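The values are calculated or read from the model by the stated rules, or taken from the named source; none is laboratory data. In this text, all values refer to a predicted model and were calculated from it rather than measured experimentally. All Cβ positions, even for glycine, are placed from backbone atoms using ideal geometry, and neighbour counts span all protein chains on display. Remember, those area values only see protein heavy atoms, side chains included, never the ligands or the DNA or RNA. Shrake-Rupley method; radii C 1.70, N 1.55, O 1.52, S 1.80 Å.
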Amino acid sequence: MNLKEELKKVFLDLVRFDTASDPKSETYPSCENLSDFAEYLSLKLAELDLKDIKIDNYSYLTATLPSNTDKKCKTIGFLAHTDTSPDYSGNMINPQIWENYDGSDINLKDGVNITAAEFPFLKNYIGKTLITADGTTLLGADDKAGIAEILCAVKYLNAHPEIKHGKIRIAFTPDEEIGKGTDYFDIEAFGCGFAYTADGGPLGELSYENFNAASAEIVVKGKNVHPGSAKGIMKNALLVANEFVSLLPDETPSNTEDREGFYHLTDLRGTVSRAELSFIIRDFDKNNFEKRKETMKKITDKLNEKYGEGTVDLTLEDSYYNMLEIIEKHPYTVELAKKAMVLSGVTPEVIPTRGGTDGSRLSFEGLPCPNLFTGGHNYHGPYELICLESMEKACETIINIIKIEGEENDGKL
């Protein structure tokens, strides 16, 4: 089995599907495409002869790779999410293969150029195989790379029965990109002591620290009259919305890094009569996270005092929290992943994730769940790319986690 070629084949097959989640939907999953994709993946799992393949009413797809050893091993779970980001089109993805990449700029359609000057990490991939979209869509490696790596790891284990392992559980979940990926996930039925999400970034990335996250929905109610006789009467909702944004600290994603938090305006629409704003709020520190939400409340109160009670309505909703406080109590999960990476020839890079994964919520709900690299960069837009050789190492890491637990550990490193 040529693992790299198998990964490429499976990945290119999966990105054909448009599976962008819909943050405005009131259904679960948020779109029918996600249900259809789960059905397709269930067929792929059946081809791998997995057992207990189930799709529930929420389009969670789960399956079991049975143990092939008499040794008592921990049951390990591996998860990836089926949806892609709604931030950019995922329709009619046209992958581009850049074999033996030479380090030069990658020029795509519509003036999209992935340049070595803007993205200096490209120098790390000279001589490797890169996959991009064509400039008109995202690629979908987040998280179809993770799905492909899990599928190929199972296929490899089936082809190598001499690798002894315990029971392995697999789950593919929808709507992670809109913060709802585990809303109805049944941890008890999944039946694992710990798990890993395959939903990370570049080679070697191992993360078990992520943002605390909340969403903020703001509605501004204006008063529209004829502009010729509007003095003292008109209340322009668009201008009030703009004032709300101007009162926030200049702490946006483009101005922050490392463990710095931010306010991110993701949507603004409206008329003179009514405007709607959507923000996401992020911070690693729980106290700072609460202060950010309080800032939003204070601005709301200030504008209502200025323009009249009821002008601005704010709805805050927490999405997930920093899983560090949970994973620190389960160091075995991290040490196992590190050992597996080293066995795969990869140097572990423990970094905080400036985002979140299903694993953050699962950890707080009782399933410790660090996040493994998948090999990609620049997710959620047309500059997205992934290195095929990094995907191969990600798949090897999954295999080695299973192998170490099955053959060496007896529950201990």
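Tabulated results
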item: Degrees separating the helix 32-47 axis from the principal Cα axis of the chain, which is the longest one; result: 10
item: Distance from segment 127-150 to segment 241-277 (C-alpha centre basis), Å; result: 29
item: Computed over segment 253-296: relative contact order in percent, which uses C-alpha pairs under 8 Å that are six or more apart; result: 32
item: Under 20 Å from Lys291, Cα to Cα: lysines that are on another chain or at least 8 residues apart; result: Lys302
item: Protein-only accessible surface order, largest first, of Asp52, Asp102, Asp70 at 1.4 Å; result: Asp70, Asp102, Asp52
item: Net charge contributed by nearby residues that have their C-beta within less than 14 Å of Asp186 (K/R +1, D/E -1); result: -3
item: Nearby lysines by direct alpha-carbon distance to Lys306 (threshold 20 angstrom, same-chain neighbours under 8 apart not counted); result: Lys221, Lys223, Lys231, Lys235, Lys297, Lys298
item: Area of Glu177 that stays accessible when all protein chains are in place (1.4 Å probe, Å², to 10); result: 40
item: Accessible area in the full protein assembly, largest first, 1.4 Å probe, for Arg269, Arg16, Arg169; result: Arg16, Arg269, Arg169
item: Mean separation of Cα contacts under 8 Å, 6 or more apart, over the residue count of the chain: relative contact order %; result: 24
item: Pairs beyond 23 Å (Cα-Cα), from Lys51/Lys329; Lys339/Lys393; Lys8/Lys155; result: Lys51/Lys329
item: Charged-residue dipole, Cβ positions (Lys, Arg, Asp, Glu), segment 221-341 about Cα centre, Debye nearest 20; result: 500
item: Antiparallel %, DSSP beta bridges [both residues in the chain], to 5; result: 75
item: Relative contact order for segment 227-328, counting Cα pairs under 8 Å that sit 6 or more residues apart, in percent; result: 22
item: ³J(HN,Hα) computed for each position of segment 371-382 - Karplus, 6.51 cos²θ - 1.76 cosθ + 1.60, integer Hz, glycine/proline x; result: 10, 9, 5, 10, x, x, 9, 6, 4, 6, x, x
item: Gyration tensor verdict on segment 100-147 (Cα atoms; rounded if a/c is under 1.5, prolate if a/b is larger than b/c, oblate otherwise); result: oblate
item: Euclidean distance between Cα centres, segment 361-413 to segment 162-239, Å; result: 20
item: Segment 305-413 shape via C-alpha gyration tensor axes, a/c threshold 1.5; result: oblate
item: Size of electric dipole in segment 279-383: Cβ of Lys, Arg +1 and of Asp, Glu -1, about Cα centre, debye, nearest 20; result: 260
item: Surrounding net charge for Glu243, when Lys and Arg each add one and Asp and Glu each subtract one, Cβ distance under 11 Å; result: +2
item: Principal-axis tilt of helix 286-307 within the chain, Cα atoms, nearest 10 degrees; result: 20
item: Nearest 10 degrees, 0 to 90: helix 141-159 Cα axis against the chain principal axis; result: 10
item: Accessible surface of Ser254 - all protein chains present, 1.4 Å probe, nearest 10 Å²; result: 110
item: Around Ala275: net Lys/Arg minus Asp/Glu count, Cβ-Cβ under 9 Å; result: +2
item: Positive dipole terminus of the chain, leading residue within Leu14, Met296, Leu372 (C-beta point charges); result: Met296
item: For Lys9, solvent-accessible area (1.4 Å; no DNA, RNA or ligand), Å²; result: 120
item: Heavy-atom accessible area ranking, 1.4 Å probe, most first, across Tyr263, Tyr156; result: Tyr156, Tyr263
